[in-house]
Every structure is written in C-alpha cells, then in structure tokens.
Amino acid sequence: MADRLSVEVEGRQLRVSNLDKVLYPETGTTKAAVIDYYTRIADVMLPHLRDRPLTMVRFPDGVDGNHFFEKRCPPHHPDWLPTVDLGRVGRDKVVSHCDLRERAALVWAANLAALELHVPMGRAPDPHHPTMVVFDLDPGPPAGMAEACRVAGWLFEVFDRLGLVGFAKTSGSKGLQVYVPVNDDEVDYDRTKGFALAVGKLLERVHPDHVLTSMDRQARTGKVFVDWSQNVPLKTTVAVYSLRARPRPTVSTPVTRDEVLAAADDGALSFTFDQVLERVGEHGDLFADVLTRHQDLPRLG
C-alpha cells in the first residue's frame, strides 16, 4: 500500500498516509480500519459533532504511544473546514476549534490519528449555552461498569419522577454517561450544573455506600462518582460514536435503558467499532432524540 494516497470523499480531495500503521496493537487494527470506521459511521455521528467546538486526542504512534490533546484547529486544516470560537466569558483568550460537519472532515481527522473526539455541551452560534445536561458516571475500582449501570438505573427513576427522559451511552472506557437533553436557549450552564449536582447529591443521600459527588479521588474507592462538574462551557465529554484509546477499538456507544438495567447484573456493556456499525444498521441512531428533544429543566435545591 502506498505511503501516501490521494482520495476523494464526497467531492473533497484528501491526502491520507501510513494506512498500514497499527494503532491498536492488541487487535492489529490499522489506521486504514480507523478511517474506514469513521467514514461509515459519519451519517449518524456528524449531527452530534456539527457546530460543537471539537477537541481531538491524537495518537500518532497508536494507543500504546504518546498522545496529545489538540483544542485549537491546526493551521494546516483544509480551507473548507469551518471553525467554532470558544473562550472564557469576559476574557480575551479565544480558541478556534475545528467544526466537523461532513464526512470528509471525519476522514481528515482520522488521518491525523485523532482516535478520540470530544465535544462540550454547547454548540454554535452560542456555545456558552448548553443543549443538554451530562451525568458522567465514573466507577472507582473495585466498582466497575455493573455499578455504574446500577447508578444509571437510579438516575432514570429520578428522571421518571421529574417527567424527564434521559439517554445513556457507554464512555467506551470504564464508565457510563447519561444525558438529559434540554434544547432551550434560556437554560445556561449554572442551571445545568446545579441540576446535575442536586440530582447527584440526592442519590448520594439515598445510596451513600454506592454514590459519591465529592471531587476527592481517594474517597471514590468502590463507589461511583457522579461527575456533575462536566457541565461548564470549557469541559468536554467523549462524543457519541467516538473511538477510545483502549487496548481494543471500543466506542462510546448509545445504549437503551433496558440494556443498562441488564448490565447492572453482569457489567457486560462494551462495544467495538464493528459491533457499533452492526447496531446502527439494526437500530439506527439511538441518540438522535438528544439533538431535538425539548425538556423543561426543573429547579432543584
């Protein structure tokens, strides 16, 4: 295979290189396979990336090598690839992030060995207003996915009482994330962060041996940390359908409530990129409603 190739993606000319390079040594997964995955998942992934300031996590030497976060869209990005500005409110520093809107943009990012793609809760034209609330469930060993799913089940019960609908996805690593779409221009990050903290503290009071909201890492042993602090403008979570830099090419995968509840018993809730493509072929985008569902976020506490 040639070291560098010119390919056409929906009318865009791109240069791709090192297609034989193995990025996941345990499974022998090459850069060509990674590009193929992102090409094929684009139809369902792009709506969740579009207009959101992107952070790429690049692994030029594969998951066992060095990696780096890239928030600023690199100066060599194609001239057809737009950017989204994001900075701290009231401060001068503004960063222009890549805005992945089309299949060719995903191929371009994959060619940079940007295995992981992370986005914030807000999107242009006003990324300082969130479109959703995220509960990032991070189990502290020996707790694992089963315990995270149990906490997610309790979250769903709270949402039921509040008349809200939540959507879960695996992190693609060891945890689980539950999102409550809002899609209300009047809701700001103070509101979403406060809501996430209030719900987290409720679960902590009811299940003190299993749930934690403290940022103290040493206190997390055997508990599930409900990370409410992700609900701020400059923090991100891994994008739905993004690969993760784990030994196997696992993906942040949308899952149903029934799957979450079932996995509370055995913790079996992990999917590789080939399995995700099969799931999308069978079920479509289980996360589609997150983009459009409007919900009134109650004030708690």
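Some observations on this one:
- Residue match in segment 166-175 (condition: charged (D, E, K, R), over 23 Å from THR292 (Cβ atoms) and assigned to a helix (DSSP H, G or I)): no
- Filter result for VAL95 (touching a Pro at 6+ places or on another chain (Cβ under 9 Å) and at pLDDT 95 or above): no
- Unmet requirement for ALA245, which otherwise passes all of (1) in contact with a strand residue (DSSP E or B) (Cβ under 9 Å, 6 or more places away or on another chain); (2) on the phi > 0 side of the Ramachandran plot: (2)
- Residue match in segment 123-136 (condition: at pLDDT 95 or above, open to solvent by less than 30 Å² (accessible area, probe 1.4 Å), of a type in the set (A, V, I, L, M) and within 22 Å of ALA42 (Cβ to Cβ)): yes
- Failed criterion for SER229 (all others in (1) farther than 23 Å from GLN295 by Cβ; (2) small (Gly, Ala, Ser); (3) assigned to a loop (DSSP other than H, G, I, E, B) hold): (1)
- Picking from residues in segment 183-235 that are open to solvent by 40 Å² or more (accessible area, probe 1.4 Å) and among the β-branched types (Val, Ile, Thr), the one that is modelled with the highest pLDDT is VAL206.
- Note on segment 1-97: enclosed strands (runs of 3 or more DSSP E) holding 3 or more residues that are open to solvent by 50 Å² or more (accessible area, probe 1.4 Å) and without any contact (Cβ under 8 Å) to a residue 40 or more places away in the chain are 4-9.
- Residues of segment 120-160 that turn out to be in a helix (DSSP H, G or I) and closer than 20 Å to VAL199 by Cβ, as a count: 14
- Single condition ARG150 does not satisfy, out of (1) touching a helix residue (DSSP H, G or I) at 6+ places or on another chain (Cβ under 7 Å); (2) open to solvent by less than 10 Å² (accessible area, probe 1.4 Å): (2)
- Test: VAL240 is of a type in the set (Val, Ile, Thr), modelled with pLDDT under 95 and assigned to a loop (DSSP other than H, G, I, E, B): no
- Flag for SER229 being in contact with a helix residue (DSSP H, G or I) (Cβ under 8 Å, 6 or more places away or on another chain), without any contact (Cβ under 8 Å) to a residue 40 or more places away in the chain, within 30 Å of GLY65 (Cα to Cα) and not hydrophobic (A, V, I, L, M, F, W, C): yes
The values are calculated or read from the model by the stated rules, or taken from the named source; none is laboratory data. The structure displayed is predicted, hence computed values, not measured ones. Cβ: placed from backbone, ideal geometry, glycine included. Neighbour counts: every protein chain shown. What goes into the accessible areas is simple: the full protein's heavy atoms, side chains included, and nothing from ligands, DNA or RNA. Shrake-Rupley method; radii C 1.70, N 1.55, O 1.52, S 1.80 Å.
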